[in-house]
Each structure stands twice: as structure tokens, then as C-alpha cells.
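Here is the structure we will look at.
The values are calculated or read from the model by the stated rules, or taken from the named source; none is laboratory data. All of these numbers come straight from a predicted model, not from anything done at the bench. Cβ: placed from backbone, ideal geometry, glycine included. Neighbour counts: every protein chain shown. When the accessible area is computed, the model is the full protein with side chains, heavy atoms only, and any ligands, DNA or RNA have been set aside. Shrake-Rupley method; radii C 1.70, N 1.55, O 1.52, S 1.80 Å.
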Amino acid sequence: MIDLIVKDLVKSFDADDNILDGLSFEVQAGERVGIMGRNGAGKTTLFRILTGEIGCDSGEVTFAPGKKVGLISQIPNYPADYTVEQVLRTAFRELEKWKAQLSQLEAQMGEQPDRAVLAQYDTLTDRFTTGGGYEMEVDLQKVVNGLNIPPEMRQRQFSMLSGGEKTRVNLARLLLEKTDILLLDEPTNHLDMKSVEWLEEYILRFKGTVLTISHDRYFLDRIVQRIVELRGGKAEFYTGNYSAYVVEKQARFDLQLKQYEQEQAKLKQLGYTVERMKGWGINNRSLYRRAMSIQHRMERIEKTERPVQEKQLKLRFEEKDFFGDEVFTIRDLGKSFDGKTLFDHVDLEVKGGERIALLGDNGTGKSTFLKILLGETLADHGRIRFGPTVKTAYLPQIIHFDHPERTLYDTMLYEKNCTPQVARDRLGAFLFQGEDVFKTVSTLSGGEQSRLRLCMLMDEKINLLILDEPTNHLDIASREWIESAVEDYEGTLLFVSHDRYFVDRFATRIWVLEDGTIRDYRCGYEKYRSILAHEAEKAKAAPAPKAEKTEKPKAEKPKQKGGDKALEKKLRAVEREVEKQEALVAGFDPQIAAAASDYQELTRLLQEKEAAEAKLEELMEQWEQLSLELES
């Protein structure tokens, strides 16, 4: 079954240039599709057309009948005094309406039972149940916990949130609405690593259709099954996740380039033959006609277009020689802020050439830790000792220029004290060419500012490179530029990042800042993940502490009276049944958590758990009755 058909879509914001030019593709029900393309290729424009936010110049968009579509970046307007909690609960408007109607019908049945009212009540109850009415609170808690929306935030006014917080709340609302087709435009922005991993698991269990635009390559690798790349206003199709797309795209480029080169060689040879035959055919009309026939054949040959590969930056940090083993040593470091302990009693040692990723949830103090390391912020206590030959370079999360009113050209001249030719050459190497060098710094995008700051760092001789969210809000091409520079850098690297693709590629050691301390894992990201998974399995397998009860089947051995062995044997059998039933009831919890996005499965599991709990109560009553009989 097809959920979405896009046919011959054309959209232009400029009379001379169509951003979408005959775009066509289909999406099957339940597919998870990644929408790729360079900045300006029309990805967000496509999503805005799909939701009806803007119209197209021509073409058609068709959704399967009855399917509900939701877009993350499309935040509805709410009353100014709405809290986050009220915004989240707008997802349940229809369910709350049915709940109120059920209450009214119950009141009517209590006063005057009527067959029509009973039928209406049954129909509405089925609708309320299958729609997830009895799981509203469970679903709400799962989503807000997964996306790290704490109780304090839920009480704040939605209008007072930052843009990132609003996007996170809107994502939670969208997931709670049970939409059939999710359009996710950069869904991992503003989420910490744990929230992103929770979202991935949610999407993998989601039974509906997903289209996503994302620069998070790890996210794309985990969730998408197919890539639709927007190129020249049209669609190119790739089967598989992001990594498969990269390999296939390079293979297509190589094949097209080979075909182009073979055709050019053939045309060159035919052209040479034509010219010779024309010369020979001056007095020989037969040869001349053959020459013209070959020339016509050359014109009819369908020519392969020369493939164009995006320009690659050839970046390399200048490296300062490093002598000795110690880069820096930290002893008993601690820092608090507004009464909250960020970290305390931190002891770490870094050797030359290590590549360390500092991970942790938002707000745990990662950037503060880096600023203390750089001397920009003072610690409450502790000390840091650097090796004698350590030279540091720092790329902050938020790029700042002292004179944003200057042009890129003037910025290089004044801040790097270089010649005009060197400034031009350096900027050109970072793809700031032609008139671009006369743009003011303040007009650059976040990615362009990062590229300019990198351009300025490249000639500094360093052996300790510190990066704070280096790929944040950058497109994939810009991320790859930074990665190409880091790849060749052989000095010590310390970085904060939520980009798991970047972490997985470069980290040989992981620091995790949580619960006021830094845990040190001397391994790469995949090994670190496997350690966490092992710890989680171990904790799950550990026997849970038994809850205290006034009476427990095995808590007290019943008295034997009159040698009633048959009654005692029956009691023991019931005890075994109680133990089995308790295990059965406990086993429903992980299944219910795993089925959070499958409404029918979740409803079935909840009903089965309720029946199992009722059976357990019956067994407990039997046990109590048998115990009393033995004691009497």
C-alpha cells in the first residue's frame, strides 16, 4: 500500500530558477525514508508543501485516505498562558472529548437504561480503547522521560521556552498524537545523546511511515531504509541507510565518470578519423560522404554528462612538536553553579596523541569543564597541570568574532597579520572565493562562521586541539570538512559532541560526565556502548529486592495439625502456582515498554496483564484459605 505519492512537483521562489523541477517519488506504508540533498536543494520546501503550509506551482501530492500527517517544525499557535503540560495534553484532545462523552452516557444509563444509549456507549468505548485512551498517562510519562522534559519544565509557560525547547516539546506532542505519517525535519537537534537514542528506538518500533531530513549520520544509519536525494530539483533513489548511500553514490559517480571518459575518447578518435577522411575526400566524393556519415553518427550519440564532485577542502592543522608524555593532569577538580554541583573530586591524566570524547547530558557542565581547562573559568577547588610544551587551539560551540562588522578579507588581514595574497589564498582554500571574501562576518551562517574560524586556526602550531560541539547545526558537507582536518591531525584531541558518527570515528577514550563525576572508559564509542549494554543486562538480571508484605506464601511455615499431609501438599502446590504467576505478571512490564508505539499490541498486553493479576489475586486467596485451614 502506498502512503504518499509526489508527482511532477514544481516550485520556484525565483522566476529563473526552480528549486523543485518535476520532483516525483512514492513512499510505501511503513517505510522509513531519509531525504538528502545539499543546503538549498529544497528539502524543507518539500516538507512545507507536504503539510500544506505552502503551495506548489504545479504537480500533485497525494496521501493515502485517512492518514494523519505531522511535521515537527510546524508548531501550532497556543494561548499565551499555556504551560508545557497543557501543550503536551493537546495531543489527547479527541480522547478527552470521548472520555467526557462516555461519562455523560454513563450518567444517562444510570438514570434510564436504553438500548440505543448502550450501543452508543459500546461503540465509543471501543474507539476510546483502541485510540489509547486508557494508556494516556503511561504514554505521556514515557515520552517526556525519553525526551528529557522534566516536571519543572512541564509547569513553565510554553511561550517562555527557547527555540530548541519548543521544538523538543513539539516533538513530544507529535509523538503523543499517534500520527500515521511522521515528517521529521532535523529531529535530533536540541536533543542530548540519551534522548536521541530513545527517539531512535521509538521510531524503530513505530508502525507508521517516517520521512526525515537529518544531518545526523548515525541517526540515518540506524533508522532509514531508503534515501531520496534531491538533486537539480529531481529525485535520485538509493536503497539502504546513509552508509550504503555514500558507497552507492561514489560507485555511481565512478561509473558515470568512466562512461564519460570512454565516450570522450571514442568521440575524439571518431573526430580524428572524420578530419582525415575529409582531407582525403577532397577529390573522392565517396570518402567525403563516409566522413559526413560518421560525423552525423557522432552527433546522434547520446552523450553522458561529466559528473561533478563537490569541492573538497584540503585542511591540515599545523602541529607543534610535543616532548614528554604528559599533556595535562587534573587533581581533585570541582565546580558548582547556583548551588548545583557540576563535578567534584575529578582526577584525570592525558597522554600525548590521545583522542578523548567528553559525553554527558545537556546541562551537566561539559562546556564549563572545557572553559576551566582553558583558563576562561575558575574551578572551586583542585588544580590542572599542563606539560611544558603544550600549545592549545580551541573551537567553541558558539563562534564569536570581536569585529563581526569586518569582511572576511579584512578579518584575515587584521587578526592573522598576513599579506593580501595569503589572505586570499587561505580563504579560497576554505571555499570563500570571488566576492564572498567581501561579505561581512555577521552575515555568515553558523556553518560558514565555523569554517572561517577553522581557517584562522589552521596556521597555528598546536598539539592539543579542543572542540566544543564542532559539528553542531552544520550540514553533512561542512561536517566532513572538519572531519578531514581532524583525520590528519596527530596531536592530542579533546572534544564535546552529540554527533555519534563523529565520536565513533575519532574517540579512542570516552569521558562521561554524570552524577557529579567523570567516568573514564579507555576505549572507543562502540566498545563503550557494549559496556553500557552489558551493565544494563547485568542490572536487569540481578534479583529485585522483595517487597515487604504483611503476609507472603513462604514467609511463615503453616502449622501441621492432625497430620493433614494432603492439605499441606495442596498448599505447597498453590505456593508454586503463586510464584509462577508473579513471574508471569512481572514479565509483562518490559513487553509493555517495548510496545509503546504499537497501540493494538499495547492494548492486548495491558488486558492480558490485568487478567494475570486477577488470577494472582485468586491464587493468593486460595493460599490464605488453605493456611487458615491448616492452622485451625
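What to note about this one:
- Residue within region 79-100 that is surrounded by 13 or more Cβ atoms within 10 Å (Cβ to Cβ) and farther than 17 Å from residue 176 by Cβ present: no
- Pair list, Cβ under 7 Å, 6 or more apart: region 608-628 residue modelled with pLDDT under 75, other residue not in a helix (DSSP H, G or I): 623/553; 627/558
- Test: residue in region 581-592 that is polar (S, T, N, Q), open to solvent by 70 Å² or more (accessible area, probe 1.4 Å), assigned to a helix (DSSP H, G or I) and modelled with pLDDT under 75: no
- Count of region 62-77 residues which are closer than 18 Å to residue 230 by Cβ and open to solvent by 50 Å² or more (accessible area, probe 1.4 Å): 1
- Residues of region 265-293 satisfying the condition of being of a type in the set (Val, Ile, Thr) and surrounded by fewer than 15 Cβ atoms within 10 Å (Cβ to Cβ): 282
- When residue 475 is tested against (1) under 20 Å from the mean Cα position of the chain (by Cα); (2) at pLDDT 90 or above; (3) not hydrophobic (A, V, I, L, M, F, W, C), exactly one condition is not met: (2).
Condition check ((1) over 21 Å from the mean Cα position of the chain (by Cα); (2) surrounded by 15 or more Cβ atoms within 10 Å (Cβ to Cβ); (3) of a type in the set (Phe, Trp, Tyr); (4) under 25 Å from residue 322 (Cα atoms)) across all residues:
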position: 506; (1), (2), (3), (4): no, yes, yes, yes
position: 515; (1), (2), (3), (4): yes, no, no, no
position: 519; (1), (2), (3), (4): yes, no, no, no
position: 522; (1), (2), (3), (4): yes, no, no, yes
position: 526; (1), (2), (3), (4): no, no, no, no
position: 532; (1), (2), (3), (4): no, no, no, no
position: 538; (1), (2), (3), (4): yes, no, no, no
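- Here is the figure for region 208-234: residues that are open to solvent by 20 Å² or more (accessible area, probe 1.4 Å) and either among the hydroxyl-bearing types (Ser, Thr, Tyr) or farther than 11 Å from residue 33 by Cβ (or both) total 7.
- Of the helices (runs of 4 or more DSSP H) contained entirely in region 93-201, those carrying at least 2 residues that are within 19 Å of the chain's Cα centre (by Cα) and not acidic (Asp, Glu) fall at 136-146, 163-176.
- Number of residues in region 235-259 that are in contact (Cβ under 8 Å) with a residue 24 or more places away in the chain, of a type in the set (S, T, N, Q) and open to solvent by 70 Å² or more (accessible area, probe 1.4 Å) equals 1.
- Pairs, first closer than 21 Å to residue 64 by Cα in region 15-31, second among the hydroxyl-bearing types (Ser, Thr, Tyr), C-beta under 8 Å, six or more apart: 27/209; 28/209; 29/209; 30/209; 31/209
- Residues that are β-branched (Val, Ile, Thr) and surrounded by fewer than 22 Cβ atoms within 10 Å (Cβ to Cβ) within region 467-476 comprise just one, 476.
- Subset of region 26-45 [open to solvent by less than 10 Å² (accessible area, probe 1.4 Å) and modelled with pLDDT of 95 or more]: 27, 33, 34, 35
- Residue count for region 161-184 under the criterion of being under 27 Å from residue 512 (Cα atoms), open to solvent by less than 20 Å² (accessible area, probe 1.4 Å) and not β-branched (Val, Ile, Thr): the result is 3.
- Test: residue in region 328-342 that is outside any strand (DSSP E or B), within 20 Å of residue 193 (Cβ to Cβ) and modelled with pLDDT of 90 or more: no
- Within region 56-66, not a single residue is at pLDDT below 90 and either in contact with a helix residue (DSSP H, G or I) (Cβ under 8 Å, 6 or more places away or on another chain) or under 30 Å from residue 221 (Cβ atoms) (or both).
- Yes/no for residue 35 being under 19 Å from residue 208 (Cβ atoms) and outside any loop (DSSP other than H, G, I, E, B): yes
- Per this entry, residue 492 is counted among residues that are in contact with a strand residue (DSSP E or B) (Cβ under 6 Å, 6 or more places away or on another chain), among the polar types (S, T, N, Q) and open to solvent by less than 20 Å² (accessible area, probe 1.4 Å).
- Filter pass, residue 145 being out of contact with any helix residue (DSSP H, G or I) (no Cβ under 6 Å at 6 or more places or on another chain), open to solvent by 20 Å² or more (accessible area, probe 1.4 Å) and under 20 Å from residue 219 (Cα atoms): yes
- Here region 360-387 is the region considered, the condition is being of a type in the set (Lys, Arg) and touching a residue at least 12 places away in the same chain (Cβ under 8 Å), and the residue that is least open to solvent (accessible area, probe 1.4 Å) is 366.
- Summed over region 224-252, residues that are aromatic (Phe, Trp, Tyr) and either assigned to a helix (DSSP H, G or I) or modelled with pLDDT under 95 (or both) total 2.
- Residue in region 49-60 that is in contact with a Lys or Arg (Cβ under 9 Å, 6 or more places away or on another chain), assigned to a helix (DSSP H, G or I) and not acidic (Asp, Glu) present: yes
Matching residues to (1) in contact (Cβ under 8 Å) with a residue 40 or more places away in the chain; (2) within 25 Å of residue 143 (Cα to Cα):
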| position | (1), (2) |
| --- | --- |
| 34 | yes, yes |
| 42 | yes, no |
| 51 | yes, yes |
| 64 | yes, no |
| 67 | yes, yes |
| 71 | yes, yes |
| 77 | no, yes |
| 86 | yes, yes |
| 107 | no, no |
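- For region 185-206, the count of residues that are surrounded by fewer than 16 Cβ atoms within 10 Å (Cβ to Cβ), touching a strand residue (DSSP E or B) at 6+ places or on another chain (Cβ under 6 Å) and under 27 Å from residue 41 (Cβ atoms) is zero.
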